[in-house]
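Values in this text are rule-based calculations from the coordinates and carry no lab data. Bear in mind the structure is a predicted one, so any value in this text is a computation, not a measurement. Cβ coordinates were reconstructed from backbone atoms using ideal geometry, including for glycine residues, and neighbour counts include every protein chain displayed.
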Amino acid sequence: MPIILPPITRRKFLRHSIAIGGTSIIAPSQLASTVSEAVHLDQNRVALLSDTHISVDPDSVYPGTKWPGSPVKDSEHEWVNMANCLTQTAKSVIALNPRPANLIINGDCTHSNGKEAECKEFLRLIEPIRAAGITIHVTVGNHDNRKNLWKLLPFLKKEHMGIQAGVIELPRANLVLLDSGRKGVLGNEQLNWLAQQLDERVKKPALIFSHFNPYSNRGVRPINGMSDGASLLKLLAKRKHARAYFYGHTHEWQHDRRDHLHLVNQPAVSYYFGKGHAHGWVDMNLTEMSAYLELNCINPKHKQHGDRRQVFLQNKKK
Ligand SMILES: [Fe+2]
């Protein structure tokens, strides 16, 4: 049975907002927010989350540092409460002024395999974000169930080719969401679709999102890249307006660059694999020239809290 949603439709949102360039002003009282003054929703600001791994049980904790071959001793694993991490992230994002108009969770929304009770708990935890007027988008990770997501959380559905894929057109960049499925495969049909979407929008920089790493992880935990990652990178290398590929899956904050293409590995909101590693979310601000990324750690005292990266959206003029 579908979960009953208190829907916050785009039509309802627009009725209560005044568009000013890339920014909207919204009266939160009309969207059940507890904030008394009007806040701005900024189309040029996007909250980037990944790997929330929400369990059925809000008290559930998990040792991300534990896997076969982990260098962490059995007595020293670090356990993380996933629901608390998402709650804290939601509060941080909602507190921003201006608020990001959009928020992307780049896969692994749920902990095990996207069962109905996990989707229900995930919905409960993201409701404050929706009530704050922020539009949520997701990609499908290897721990998600696409059919359950569509059936139980229909407001998240973006269907092309029978998978979760779509384009979010923002004033300064187009965001392309891809579906790497449960096994880390995009497939020729989706790659062709991606090429077509990019070729139809050459005048604006594009940022591409999907869950899997495109090549083997160079970080703390060995994880193979998606099987057609090389084809993806070749496709993006040929298109200079494709400026960055964002992915999760490795639960590690890393940044590479190949010519014009930035490769941004988002940290997990929930547990991390490397002992003491950063977990949290990324605040992305788009200007005409750049996407500025700022890491917001769940632990504000973490040494990487506030870490910044710059993704160039235009080629430098010679
Ligand atoms: Fe994950």
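Arrange the following residues from fewest to most other Cβ atoms within 10 Å of their Cβ: Ser270, Ser75, Ser180.
Ranking Ser270, Ser75, Ser180 by Cβ neighbours within 10 Å, fewest first, gives Ser75, Ser270, Ser180.
Take the Cα coordinates of the range 169-218, assign each an equal point scatterer, and use the Debye formula without solvent to give log10 I(q)/I(0) at q = 0.31 Å⁻¹.
-1.20
When the chain is fully extended, how far beyond the present Cα-Cα distance does Ala230 get from Arg124, taking 0.36 nm per residue of separation? Could the numbers behind the result be given before it?
Values: separation 106, 0.36 × 106 = 38.16 nm, distance 3.77 nm.
Residue separation times 0.36 nm, minus the Cα-Cα distance, leaves 34.4 nm.
Cβ under 14 Å from Thr139's Cβ, Thr139 left aside: what net charge do those residues give with Lys, Arg +1 and Asp, Glu -1? Intermediate values should be presented prior to the final figure.
Values: positive: Arg146, Lys157, Lys158, Arg182; negative: Asp51, Asp108, Asp144, Glu159, Asp179.
Neighbour charge sum, excluding Thr139 itself: -1.
Please report, in whole Å³, the volume per residue of the convex hull around the C-alpha atoms of the range 55-115.
Taking only Cα atoms, the range 55-115 has a hull volume of 129 Å³ per residue.
Compute the Rg to Rh ratio over the range 75-147 from the alpha carbon atoms, using the Kirkwood formula for Rh, and round to two decimal places. Could you put the intermediate results ahead of the total?
Values: Rg = 13.3 Å, Rh = 13.3 Å.
Value, to two decimals: 1.01.
Amide H to amide H, which residues 5 or more places from Gln43 or on other chains are under 5 Å from it, using H placed in the peptide plane?
For Gln43, whose amide H was placed from the backbone, the distant partners under 5 Å are Thr23, Ser24, Ala101.
For the charge dipole of the chain, defined by +1 on Lys and Arg C-beta atoms and -1 on Asp and Glu C-beta atoms about the Cα centroid, which residue among Gly187, Gln304, Ala117 has the Cα displaced farthest towards the positive pole?
Farthest along the dipole direction, towards plus: Gly187.
Once the dipole of the chain is set up with Lys and Arg at +1 and Asp and Glu at -1 on Cβ about the Cα centre, which of Pro267, Tyr247, Asn145 lies farthest towards its positive end?
The one lying farthest along the dipole's positive direction is Tyr247.
What FRET efficiency would be calculated for the residue pair Asn148, Arg201, taking the C-beta separation as r and a Förster radius of 51 Å, to the nearest 0.05?
After rounding to 0.05, the efficiency reads 0.95.
Under 24 Å Cα-Cα from Lys303, which lysines qualify once same-chain neighbours fewer than 8 residues away are excluded?
Lys66, Lys73, Lys91, Lys275
Once both labels are modelled 7 Å past Cα along the beta-carbon direction, what's the Gln254-Asn188 spacing in nm?
Between Gln254 and Asn188, the label points sit 3.0 nm apart.
Ratio to report: Rg/Rh of the range 179-318, with Cα atoms as the point set and Rh obtained by the Kirkwood method; give two decimals.
Rg divided by Rh gives 0.97.
Taking the Cα centre of the chain as origin and charging only Cβ (+1 Lys, Arg; -1 Asp, Glu), how large is the dipole, in debye to the nearest 20?
Dipole size: approximately 1000 debye.
Excluding residues fewer than 8 places away in the same chain, name every one of the lysines whose C-alpha is closer than 24 Å to that of Lys238.
Qualifying lysines at Cα under 24 Å: Lys203, Lys204, Lys316, Lys317, Lys318.
From the Cα gyration tensor of the range 53-182, with a ≥ b ≥ c the square roots of its eigenvalues, which class applies: rounded if a/c is under 1.5, or else prolate if a/b is larger than b/c, or else oblate? Numbers along the way, then the final one.
Numbers: a/c = 1.76, a/b = 1.40, b/c = 1.26.
Because a/c hits 1.5 or more and a/b exceeds b/c, the range 53-182 counts as prolate.
Over the chain, what is the mean sequence separation of C-alpha contacts under 8 Å (at least six apart), divided by residue count, expressed as relative contact order in percent?
17 percent
How big is the Rg/Rh ratio for the range 228-307, C-alpha atoms only, Rh by Kirkwood, two decimals?
Values: Rg = 13.9 Å, Rh = 13.7 Å.
Radius of gyration relative to Kirkwood radius: 1.01.
Please label the shape of the chain as rounded, prolate or oblate, based on the square roots a ≥ b ≥ c of the eigenvalues of the alpha-carbon gyration tensor (a/c under 1.5 means rounded; beyond that, a/b larger than b/c means prolate, else oblate).
rounded
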